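K.L.:
One structure, pasted below without further comment.
Since every read-out is calculated from the coordinates, none of them should be taken as a lab result. Treat the numbers as computed from the prediction; the structure is a model and nothing was measured. Cβ placement follows ideal geometry from the backbone for every residue including glycine, while neighbour counts extend to all protein chains displayed.
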Amino acid sequence: MPRPKLIPVKEPFAKDFLWGAATSAHQVEGHQHNNWSVWEASVADKLAKNARSRLINTVPDWKAIQAEAEDPVNYISGSAADHYNRYEEDFDLLKSLGCNAYRFSIEWSRVETKPNQYNKAALTHYRNMVQALKKRGITPMVTLHHFADPIWLEDKGGWHGPAVVESFTAFARAISKQIGQDIDYWCTVNEPGSYLLQRYLGGGAWPAWPTTVMNPSLGYKYLKNVISAHKSVRKVIKEANPKAMVGIAHGLLDYQLGRHDPLSWIFKKQLDYIPDTYILNRIRNDTDFIGVNYYMRLLIKSRLSSPQYWTIKKAHDDPANDMGWGIYPAGLYNITQKLIRYNLPLIVTENGIPDTKDNLRGKYINDHLAELARSISDGADIRGYFYWSLLDNYEWSEGFWPKFGLVSIDRKTKNRTLRQSALEYASLIKKYSA
Ligand code: IFM
């Protein structure tokens, strides 16, 4: 039953609202050795060669990105943003924006180099990072799995294999021993739906993910494992810190009907259900909040002449970001409203835009926050907002050309520069938390 609309609140964002920015280890730390780093080396040339055909009809300004997109070096994560060594500087920048929260991930392959062999230096590193945040009054939110996997895990059958729940729980226990008492917010995994699609349901038409297969039965095993792993890791975290809030960062799209006919409606229902609703329905009593990663809406239309009988596209009216994704702030309202039925706190764990020229980002953040305020007024219990990303990052199979950062990173010197839009985010934080 839908909850009744509440009276609009005057000051939507609570005093302890988390104002943050997010990153993930593989995308910013640099010098990883995991399934992604190995895969990148094998596909960089191919990705550079097919960049034009892959992107020319998708991105709004091919010329502006061509040089980077056609350079094989773009596709190697390499030293990334060197965040591993420069995190203190990055936290100073975050603090200067008035942010009080930071979401980052811990790289499993760095910490557990071989099964049950833990690297002390890496564990100490993450403990130091947490202390550096706390010293600045910034609340850490830790993600334990953000797409990249240790190579040894692949050898043991990966996320669809029989060992992953136990292995992931053991890793979480090691982390929890180090920093468990200091961390109140955890995401066990990031975007299981993206992982499912890219790894087990064929991914994109070009090489887009390490070891992509088209195998729904393995995908189903993955889903079962990810749900069990979440539940088991949450228990481990709560042993160290009973008040910890443990959730999953779900990648949620605002699917809408592009054509009002029964077939389109059926396709939309399926997309709404698989996989995040499927997962949420199974963990709703074993989770403390719902993490929302929101980027765009998509229109679903039945089309009997197309091979899969439907199309899924950006709406013409939505302005495109650098990657061609439609910008649609009201989608954040729609999604957070739909999630009210779970009666759980919500945290926007990611929302961001690739925008090299930094023309759109300030307005993008402003408009999405306005929709969040509206959703809070209409009854959603939203506790935080993390912009993606604090730093220009390695954007998986697109490499470095998409620029999501509040902070731009010089690819050679690694010098950091705050973008104008970062200052606009800072003013919004000031305005809303006054
Ligand atoms: O960069 C990614 C992140 O790793 C997961 N969520 C979406 C972001 C932008 O594509």
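K.L.:
Between TYR102, TYR185, which is surrounded by 19 or more Cβ atoms within 10 Å (Cβ to Cβ) and either away from the ligand (no atom under 16 Å from the Cβ) or without any contact (Cβ under 8 Å) to a residue 60 or more places away in the chain (or both)? Full working, then the answer.
P.N.:
On the way: TYR102 fails: either away from the ligand (no atom under 16 Å from the Cβ) or without any contact (Cβ under 8 Å) to a residue 60 or more places away in the chain (or both).
Going through TYR102, TYR185 in turn, just one is surrounded by 19 or more Cβ atoms within 10 Å (Cβ to Cβ) and either away from the ligand (no atom under 16 Å from the Cβ) or without any contact (Cβ under 8 Å) to a residue 60 or more places away in the chain (or both): TYR185.
K.L.:
Here are some residues: ASN415, ASN393. Which one is closer than 17 Å to SER79 by Cβ and either hydrophobic (A, V, I, L, M, F, W, C) or surrounded by fewer than 20 Cβ atoms within 10 Å (Cβ to Cβ) (or both)? If you could, list the steps in order and put the result at the bottom.
P.N.:
Working: ASN393 fails: either hydrophobic (A, V, I, L, M, F, W, C) or surrounded by fewer than 20 Cβ atoms within 10 Å (Cβ to Cβ) (or both).
Exactly one residue qualifies, and that residue is ASN415.
K.L.:
Where residues in region 209-265 are within 16 Å of the ligand (Cβ to nearest atom) and of a type in the set (Val, Ile, Thr), which of them is surrounded by the fewest Cβ atoms within 10 Å (Cβ to Cβ)?
P.N.:
Among them, the one singled out is VAL226.
K.L.:
Filter region 281-295 down to the residues that are crowded, with 18+ Cβ neighbours inside 10 Å and either touching a residue at least 60 places away in the same chain (Cβ under 8 Å) or closer than 28 Å to ASP317 by Cβ (or both) and list them by number.
P.N.:
Within region 281-295, PHE289, GLY291, VAL292, ASN293, TYR294, TYR295 qualify.
K.L.:
Among the residues that make up region 323-331, is at least one of them surrounded by fewer than 20 Cβ atoms within 10 Å (Cβ to Cβ) and away from the ligand (no atom under 16 Å from the Cβ)?
P.N.:
Yes, region 323-331 contains at least one residue that is surrounded by fewer than 20 Cβ atoms within 10 Å (Cβ to Cβ) and away from the ligand (no atom under 16 Å from the Cβ).
K.L.:
Follow-up question, since we're still on this one. Within region 382-398, restricting attention to residues that are within 8 Å of the ligand (Cβ to nearest atom) and closer than 8 Å to ALA21 by Cβ, which residue is farthest from the chain's Cα centre (by Cα)?
P.N.:
This residue is SER389.
K.L.:
Specify which of the listed residues (ASN57, ASN85) is farther than 26 Å from ILE138 by Cβ, out of contact with any helix residue (DSSP H, G or I) (no Cβ under 9 Å at 6 or more places or on another chain) and without any contact (Cβ under 8 Å) to a residue 60 or more places away in the chain.
P.N.:
None of the other options fit; the residue is ASN57.
K.L.:
Next question, about the same structure. Just need a number here: residues in region 257-288 that are over 23 Å from the mean Cα position of the chain (by Cα) and acidic (Asp, Glu).
P.N.:
Matching residues across region 257-288 total 1.
K.L.:
Could you say whether any residue in region 268-280 is farther than 26 Å from TYR328 by Cα, loosely packed, with under 14 Cβ neighbours inside 10 Å and not hydroxyl-bearing (Ser, Thr, Tyr)?
P.N.:
No, region 268-280 has no match at all.
K.L.:
Taking interchain pairs and intrachain pairs at least six residues apart, which have beta carbon atoms under 7 angstrom, with the first residue in region 378-406 and farther than 22 Å from ALA320 by Cβ and the second β-branched (Val, Ile, Thr) and within 11 Å of the ligand (Cβ to nearest atom)?
P.N.:
Close Cβ pairs satisfying both conditions: PHE386/THR349; LEU390/THR23; LEU391/THR23; LEU391/VAL28.
K.L.:
Okay, moving on. Applying the selection to region 282-315, what residues are assigned to a loop (DSSP other than H, G, I, E, B) and under 21 Å from TRP265 (Cβ atoms)?
P.N.:
ARG303, LEU304, SER305, SER306, PRO307, GLN308, TYR309, LYS314, ALA315
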